[in-house]
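The values are calculated or read from the model by the stated rules, or taken from the named source; none is laboratory data. Keep in mind it's a predicted model, so treat the numbers as computed, not measured. Reconstructed Cβ throughout: ideal geometry from the backbone, glycine too, with neighbour counts over all protein chains shown.
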Amino acid sequence: MQAIVEAAKAEQWPLQIAAVISNRADAAGLEYAAGQGIPTAVVASKEFPTRAAFDAALGGKIDEFAPDLLVLAGFMRILTAGFVGHYEGRMLNIHPSLLPSFVGLATHQQALDAGVKIHGVTVHFVTAELDHGPIVAQAAVPVLPDDTEHSLSQRVLEQEHIIYPWAVRKFAEGKIRLIGNRVQISE
């Protein structure tokens with residue numbers, strides 16, 4: 001999130017960041033956003049008896065800000081199909097693997113355990129199927145012989161900070177079109 005905010009300001013993107021919303025009051029991004037003058041909100045998932053109840057409250061809070069695009073950054077909850085459907089075609093996520101490989105958690109360890117030579121990161125539109133959805137951008141990093149989960153994750157993170165801001169900017173500029181399960185990007 002911080003990389004996106006900084007790139008938007010430095011490059012004067014044609015957008016306004018409406019809010020930063022978290023399900024955890026202790027999320028570091030909330031403090032950063034507030035320091036940048038961006039409105040913040042918390043919808044604590046622990047306060048809701050079901051995933052659907054949480055998603056309804058979260059959606060209500062999001063809709064108060066009327067965003068054109070939702071950008072998931074560090075949001076580690078599975079969203080209901082109804083929630084995803086409400087924001088279809090305007091919700092991006094970043095996943096630390098070259099999807100469709102290594103969905104879910106511990107992707108760097110999954111890559112090391114599989115012995116792949118190339119790992120990376122994917123920006124994609126969110127669909128009801130976890131870590132699937134039309135791919136906007138990917139960046140690859142080599143898996144080095146002496147890599148650990150930590151060293152590999154650091155190189156992937158560097159690429160995340162490049163391609164996620166790029167994808168958000170392209171969306172804000174109206175240069176991303178979603179056609180079925182494919183993303184078309186104009187320059």
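The condition (being of a type outside the set (Val, Ile, Thr) and either surrounded by 20 or more Cβ atoms within 10 Å (Cβ to Cβ) or part of a helix (DSSP H, G or I) (or both)) is satisfied by just one residue among Ala111, Ala140, Ala128: Ala111.
Residue by residue, here is whether (1) small (Gly, Ala, Ser); (2) crowded, with 18+ Cβ neighbours inside 10 Å; (3) in contact with a Leu (Cβ under 9 Å, 6 or more places away or on another chain); (4) assigned to a helix (DSSP H, G or I) holds:
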| site | (1), (2), (3), (4) |
| --- | --- |
| Glu6 | no, no, no, yes |
| Lys9 | no, no, no, yes |
| Gln12 | no, no, no, no |
| Ile17 | no, yes, no, no |
| Ala33 | yes, yes, no, yes |
| Ile38 | no, no, no, no |
| Ala41 | yes, no, yes, no |
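Being under 18 Å from Ala19 (Cα atoms) and hydrophobic (A, V, I, L, M, F, W, C) holds for only one residue in Leu105, Leu72, Leu79, and it is Leu72.
Could you list, in sequence order, the residues of the stretch 56-95 that are of a type in the set (A, V, I, L, M, F, W, C), over 21 Å from Phe171 (Cα atoms) and assigned to a helix (DSSP H, G or I)? Correct list: Ala56, Ala57, Leu58, Ala81.
For a quick check of your reading of the model, give me the residue pairs whose first member lies in the stretch 114-125 and is under 9 Å from Ser97 (Cβ atoms) and in contact (Cβ under 8 Å) with a residue 40 or more places away in the chain, whose second is of a type in the set (Gly, Ala, Ser) and not in a strand (DSSP E or B), with beta-carbon atoms closer than 9 Å and at least 6 apart or on different chains. These pairs meet every condition: Val121/Ser97. Among the residues of the stretch 89-138, those that are polar (S, T, N, Q) and under 12 Å from the mean Cα position of the chain (by Cα) comprise Asn93, Thr122.
You will find that of Ile118, Ile94, the residue that is within 30 Å of Lys61 (Cβ to Cβ) and either in contact with a strand residue (DSSP E or B) (Cβ under 9 Å, 6 or more places away or on another chain) or of a type in the set (Asp, Glu) (or both) is Ile94 and no other.
When the criteria are applied in full, Glu149 fails the requirement of being modelled with pLDDT of 95 or more, acidic (Asp, Glu) and surrounded by 18 or more Cβ atoms within 10 Å (Cβ to Cβ).
Among the residues of the stretch 152-168, just one is of a type in the set (Ser, Thr, Tyr) and buried (at least 21 other Cβ atoms within 10 Å of the Cβ), namely Tyr164. Determine, yes or no, whether Leu152 is assigned to a loop (DSSP other than H, G, I, E, B), farther than 22 Å from Pro67 by Cα and either under 13 Å from the mean Cα position of the chain (by Cα) or not acidic (Asp, Glu) (or both). So Leu152 does not fit the description; no.
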